[in-house]
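Visitor: Could you have a look at this structure, given as structure tokens, before my questions?
The values are calculated or read from the model by the stated rules, or taken from the named source; none is laboratory data. Everything quoted here is computed from the prediction, not taken from an experiment. As a convention, Cβ positions derive from the backbone with ideal geometry for all residues, glycine included, and neighbour counts pool all protein chains shown.
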């Protein structure tokens, strides 16, 4: 499965870029899935719902299904967070998986960077970052795209993964 990441610090524009990339690349006829890393506690379930009651009762996994979608919720119950590869192994085959986050993993990435966020660039110290999407001009040893030029970033990613 082809994998390419979008990484960067908080408030760098990662999620907006991901959203636009998914729309652009699927609009070109490719199938795309996403994986998002969260550094905080999150819950896709709702207290009081049957599935939530199953989880809080101790279920390891709860599968929720309808005519529109299905979801699998897995409780770690003290087990370590799964690796990116372990999560990728659970995904259905698609043309491209876009990964948001996972700064320190070894898959190729584009870094989203905004000057106003005042965080340092990751790219100069990380060879897995193949390009930067920025809201300001930068002098780097790899391509720099305008953060809002989604088509150019998509072209770059598709070329990198062999889908151009």
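Visitor: So, residue 88, is that one surrounded by fewer than 17 Cβ atoms within 10 Å (Cβ to Cβ), at pLDDT 95 or above and not in a loop (DSSP other than H, G, I, E, B) or not?
Guide: Here the answer is yes, as residue 88 does meet what is asked.
Visitor: Quick one: how many residues across the stretch 111-143 are in contact with a helix residue (DSSP H, G or I) (Cβ under 9 Å, 6 or more places away or on another chain) and farther than 20 Å from residue 85 by Cβ? First the steps, then the outcome.
Guide: Our first condition is that a residue be in contact with a helix residue (DSSP H, G or I) (Cβ under 9 Å, 6 or more places away or on another chain); within the stretch 111-143, this holds for 111-113, 129-136, 138, 140-143.
Keeping just the survivors that are farther than 20 Å from residue 85 by Cβ gives 111-113, 131-136, 138, 140-143.
Number satisfying all stated conditions: 14.
Visitor: Does the stretch 50-83 hold any residues that are out of contact with any helix residue (DSSP H, G or I) (no Cβ under 6 Å at 6 or more places or on another chain) and assigned to a strand (DSSP E or B), and which are they?
Guide: Selection gives 61, 63, 65, 70, 71, 72, 73, 74.
Visitor: Follow-up question, since we're still on this one. Can you pull out the residues in the stretch 96-151 that are surrounded by fewer than 17 Cβ atoms within 10 Å (Cβ to Cβ) and part of a helix (DSSP H, G or I)?
Guide: 115, 116, 117, 124, 125, 151
Visitor: If you check residue 60 against the conditions, is it surrounded by fewer than 16 Cβ atoms within 10 Å (Cβ to Cβ) and under 17 Å from residue 1 (Cα atoms)?
Guide: Details: surrounded by fewer than 16 Cβ atoms within 10 Å (Cβ to Cβ): yes; under 17 Å from residue 1 (Cα atoms): no.
So residue 60 fails the test.
Visitor: Quick one: which of 93, 47 is within 19 Å of the chain's Cα centre (by Cα) and in a loop (DSSP other than H, G, I, E, B)? So that I can check it myself, show each step before the final result.
Guide: Numbers: 47 fails: within 19 Å of the chain's Cα centre (by Cα).
Among 93, 47, only 93 is within 19 Å of the chain's Cα centre (by Cα) and in a loop (DSSP other than H, G, I, E, B).
Visitor: Moving to a separate point now. May I ask you to list the residues in the stretch 125-139 that are over 17 Å from residue 5 (Cβ atoms) and free of Cβ contacts under 8 Å to residues at least 40 places away in the same chain?
Guide: Looking only at the stretch 125-139, we keep the residues that are over 17 Å from residue 5 (Cβ atoms), and these are 135-139.
Across the stretch 125-139, the qualifying residues are 136, 137, 138, 139.
Visitor: For the stretch 136-154, enumerate the residues that are farther than 19 Å from residue 107 by Cβ and within 20 Å of the chain's Cα centre (by Cα).
Guide: First, pick out the residues of the stretch 136-154 that are farther than 19 Å from residue 107 by Cβ: 136-141, 144, 146-152.
Once the filter is applied, which keeps residues that are farther than 19 Å from residue 107 by Cβ and within 20 Å of the chain's Cα centre (by Cα), the stretch 136-154 yields 144, 146, 147, 148, 149, 150, 151, 152.
Visitor: Among the residues of the stretch 30-38, are any in a loop (DSSP other than H, G, I, E, B) and within 23 Å of residue 134 (Cα to Cα)? Give the derivation first.
Guide: Just the residues of the stretch 30-38 that are in a loop (DSSP other than H, G, I, E, B), to begin with: 30-31, 37-38.
Going one step further and asking which of them are within 23 Å of residue 134 (Cα to Cα), we end up with 37-38.
Yes - at least one qualifying residue is present in the stretch 30-38.
Visitor: Is at least one residue of the stretch 96-104 at pLDDT 95 or above and over 14 Å from the mean Cα position of the chain (by Cα)? Reasoning before the result, please.
Guide: Narrowing the stretch 96-104 to residues at pLDDT 95 or above: 96-100.
Applying the additional criterion that residues be over 14 Å from the mean Cα position of the chain (by Cα) yields none.
No, the stretch 96-104 has no match at all.
Visitor: Which pairs turn up if I take residues in the stretch 147-160 that are without any contact (Cβ under 8 Å) to a residue 24 or more places away in the chain and look for partners that are surrounded by fewer than 13 Cβ atoms within 10 Å (Cβ to Cβ) and assigned to a helix (DSSP H, G or I) with beta carbon separation below 7 Å, at least 6 apart in sequence or on another chain?
Guide: Taking only residues 6 or more apart or on different chains, not a single pair turns up.
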